[in-house]
Amino acid sequence: MTAKEKINALRNELREHNHKYYVLDNASISDYDYDIKLKALQDLEAQHPEFFDANSPTQRVGGAVTKNFETVVHGQRMYSLDNSYSKEDLQDWETRIKKLVDGDVQYTCELKYDGASISLTYENGLLTKAVTRGDGFQGDDVTSNIKTIKSVPLQLQGDYPPKFDIRGEIVLPFDGFNKMNAERIEIGEEPYRNPRNTASGSLKLQDSAEVAKRPLECLLYNLTGTNLGVKNQFESLEKARQWGFKVPEVAKLSNTIDEVLEFVAYWDIHRHNLPYETDGVVIKVNSLQQQEELGYTAKAPRWAMAYKFKAERVSTKLNTITYQVGRTGAITPVANLEPVELAGTTVKRASLHNADQIEKLDIREGDEVYVEKGGEIIPKILGVDLTKRPLDSLPTQYIDQCPVCETTLVRHDGEAQHYCPNYNGCEVQVIGRIQHFISRKAMDIDGLGGETVALLVKEGLISNYSDLYALTKTQIIPLERMAEKSADNLIQGIEQSKNIPFERVLFALGIRYVGETVAKKLARHYKSINAIADASEEDLVNVDEIGIKIAESVHAFFKSDENMSIVKRLKTFGAQLEMSAEELIGKTNILQGQSIVITGVFESVSRSELKKLIEDNGGKVSSSISSKTSFIVAGANMGPSKKDKAEKLNIQLIDEYSFLQKLE
């Protein structure tokens with residue numbers, strides 16, 4: 001088998017596995033085996049760049065950076081839908097329809113998913129363009145980002161038309177949304193408000209590699225074009241499934257408005273069991289010929305109507321307002337409510353976010369408040385029933401001292417939240433920070449859980465995470481629910497954590513805004529904790545992807561004598577506070593401070609290998625040529641516009657061999 005045949009065979013196999021896993025939800029191969037095959041394909045493609053295919057499964061990892069998204073005019077306008085809220089609204093709509101078309105009218109009922117609208121263009125079975133809805137007439141080209149979504153087929157199967165558009169919704173499933181928020185909270189960031197806005201914002205991220213990390217899905221529902229080979233909407237959904245698209249299975253054919261309302265009533269209840277946000281049902285005239293006859297108003301198709309679910313809202317009494325302290329010191333006010341049933345769950349608490357939100361809504365203890373399940377997940381308070389406010393009610397006075405340690409709170413310019421500045425003395429912050437330190441993605445200490453950490457702090461055995469390494473078996477055996485074997489496992493887990501690599505130790509320190517990715521960037525750039533501690537804010541900002549907020553936070557952390565004392569103790573105990581000799585192999589600062597552009601097709605190395613070489617040697621990979629570009633690594637088929645720009649800016653072009661020689 002030739003290299004080309006091997007590449008094509010692997011691509012076809014991986015596409016089939018992708019389709020079964022992400023579209024049919026029926027995995028036919030283990031994640032490990034899939035990764036092995038993907039790596040084999042990546043290696044073959046790197047060895048044979050002449051067989052490059054923009055729609056290869058290897059291209060889904062992202063990496064393209066888009067500073068300005070190109071505006072694209074839709075081939076056919078993306079209309080809004082008219083809304084209805086009652087049986088009478090739907091009956092009026094049906095009456096209007098029957099005045100305009102002859103014969104019986106069937107309806108296709110589909111769930112209305114709450115995400116970001118998208119239009120995908122396919123030519124000869126290949127995805128060529130993905131455009132946001134925009135204003136309906138034109139949108140932004142987000143093709144690079146959409147290609148990272150696994151449920152979007154890059155190449156179709158079956159009897160697809162030569163060219164067509166398919167419209168759908170980019171959604172963020174609840175599980176993925178909750179996981180993303182848990183990770184943000186862990187690094188001291190504000191959680192995202194709802195899945196819909198998060199999905200929409202994901203499409204406009206400049207780095208497609210970041211989009212690839214988000215568990216987005218694409219649900220398709222409407223074919224657009226000519227000579228599609230289908231006669232009605234319901235058939236088009238089935239055809240789209242056969243071609244490889246993820247099309248929800250819940251669509252139903254209805255012959256009357258009463259049948260439509262049965263569908264609405266069923267899903268108004270059962271939507272709470274779905275993995276995505278839904279806010280209604282879309283009803284479409286099934287026949288495409290009748291759709292064509294009905295046409296459009298200035299704003300919407302006459303042949304479709306959205307029936308919106310009523311947002312589930314209840315009122316209940318706000319008993320008290322309490323305040324939570326996070327591990328970064330952030331204060332979150334919480335409304336403690338009289339328990340009430342809402343969207344299938346009992347709601348007892350709701351976040352009030354910050355002092356500004358309390359003042360804006362004039363929320364007070366004892367108020368009757370309106371509560372809604374925001375995004376079907378997070379309870380939120382919409383307002384106050386002033387008719388039920390007690391006469392002796394007084395405005396809420398936001399606390400000015402930490403509810404745990406009584407330290408005076410601070411509020412920084414430009415920030416909505418108050419903070420407790422008692423970083424190393426506030427018990428809740430200390431416990432939260434140690435719990436983060438021992439977590440799986442940080443030091444991964446077996447035998448030690450969050451409750452045990454809290455117990456160790458309360459018993460006075462530890463006051464910061466470096467104290468963990470001084471614990472003895474004799475100290476911990478007397479603790480509640482701590483048997484001899486448990487104590488041995490804990491001590492052993494702490495000892496084994498000394499082998500955790502530097503980048504994870506840096507993440508474990510719990511520096512505000514320093515998540516896994518930032519920790520990795522800083523570790524690889526500075527190589528040791530001492531180098532990071534000595535860096536100025538200006539130095540830190542010059543590191544790839546490190547902004548001023550991160551730089552200020554890192555600089556402040558290492559300027560604290562208490563923090564430096566803890567770091568020194570970690571070093572004494574044997575924690576990995578610098579990159580190991582093995583990790584440093586092939587890594588230098590030869591390209592320190594240089595911004596390098598990679599363009600064209602290469603023979604001896606792949607683009608990803610070139611990028612890694614640049615980063616390993618202290619350089620920054622840039623996607624666009626500017627006056628700040630140090631030089632360009634140019635392969636075959638460099639675009640003429642890039643070449644012209646390089647010449648105008650007098651930027652040096654070197655080939656891959658000269659670049660490799662430079663590193664030697």
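Quick look at the values:
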{"read-out": "Test: residue in segment 521-537 that is part of a loop (DSSP other than H, G, I, E, B), at negative phi and surrounded by 14 or more Cβ atoms within 10 Å (Cβ to Cβ)", "value": "yes"}
{"read-out": "Strands (runs of 3 or more DSSP E) lying entirely in segment 312-407 (those with 2 or more residues that are without any contact (Cβ under 8 Å) to a residue 40 or more places away in the chain and polar (S, T, N, Q))", "value": "345-351"}
{"read-out": "Filter pass, I445 being assigned to a helix (DSSP H, G or I) and not small (G, A, S)", "value": "no"}
{"read-out": "For M78: the one exception among (1) at pLDDT 75 or above; (2) more than 27 Å from Q242 (Cα to Cα)", "value": "(2)"}
{"read-out": "Residues of segment 218-258 satisfying the condition of being closer than 28 Å to N178 by Cβ, open to solvent by 40 Å² or more (accessible area, probe 1.4 Å) and assigned to a strand (DSSP E or B)", "value": "Y221"}
{"read-out": "Pairs where the first residue, in segment 185-206, is within 24 Å of K129 (Cα to Cα) and the second is open to solvent by 50 Å² or more (accessible area, probe 1.4 Å) and among the β-branched types (V, I, T), C-beta under 7 Å, 6+ apart", "value": "Q206/V65"}
{"read-out": "Q291 more than 30 Å from H436 (Cα to Cα), open to solvent by less than 60 Å² (accessible area, probe 1.4 Å), of a type outside the set (V, I, T) and modelled with pLDDT under 90", "value": "yes"}
{"read-out": "Selection within segment 98-113 - out of contact with any Ser or Thr (no Cβ under 9 Å at 6 or more places or on another chain) and at pLDDT 90 or above", "value": "E110"}
{"read-out": "Every residue from segment 117-130 that is open to solvent by less than 20 Å² (accessible area, probe 1.4 Å) and either modelled with pLDDT under 90 or within 15 Å of Y79 (Cβ to Cβ) (or both)", "value": "I118, S119"}
{"read-out": "Candidate set from segment 624-664 (those that are closer than 18 Å to N589 by Cα, assigned to a helix (DSSP H, G or I) and open to solvent by less than 40 Å² (accessible area, probe 1.4 Å)); member that is modelled with the highest pLDDT", "value": "F659"}
{"read-out": "Meets criteria (within 31 Å of the chain's Cα centre (by Cα) and outside any loop (DSSP other than H, G, I, E, B)) for I598", "value": "yes"}
{"read-out": "Tabulated pairs, segment 223-239, first under 17 Å from Y107 (Cβ atoms), second polar (S, T, N, Q), C-beta under 6 angstrom, 6+ apart or interchain", "value": "V230/S236; N232/N286; N232/S287; Q233/T108; Q233/N286; F234/T108; F234/N286"}
{"read-out": "Residue among Y296, Y266 that alone is open to solvent by 30 Å² or more (accessible area, probe 1.4 Å), closer than 30 Å to Q233 by Cβ, without any contact (Cβ under 8 Å) to a residue 40 or more places away in the chain and aromatic (F, W, Y)", "value": "Y266"}
{"read-out": "Answer residue from segment 589-610, given it is modelled with pLDDT of 80 or more and open to solvent by 40 Å² or more (accessible area, probe 1.4 Å) and is farthest from Q496 (Cα to Cα) among those", "value": "E603"}
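The values are calculated or read from the model by the stated rules, or taken from the named source; none is laboratory data. Quantities reported herein were computed from a predicted structural model and do not represent experimental measurements. Glycine gets a Cβ as well: all are built from the backbone with ideal geometry, and neighbour counts include every protein chain shown. With ligands, DNA and RNA removed, areas are computed over all heavy atoms of the protein, side chains included. Shrake-Rupley method; radii C 1.70, N 1.55, O 1.52, S 1.80 Å.
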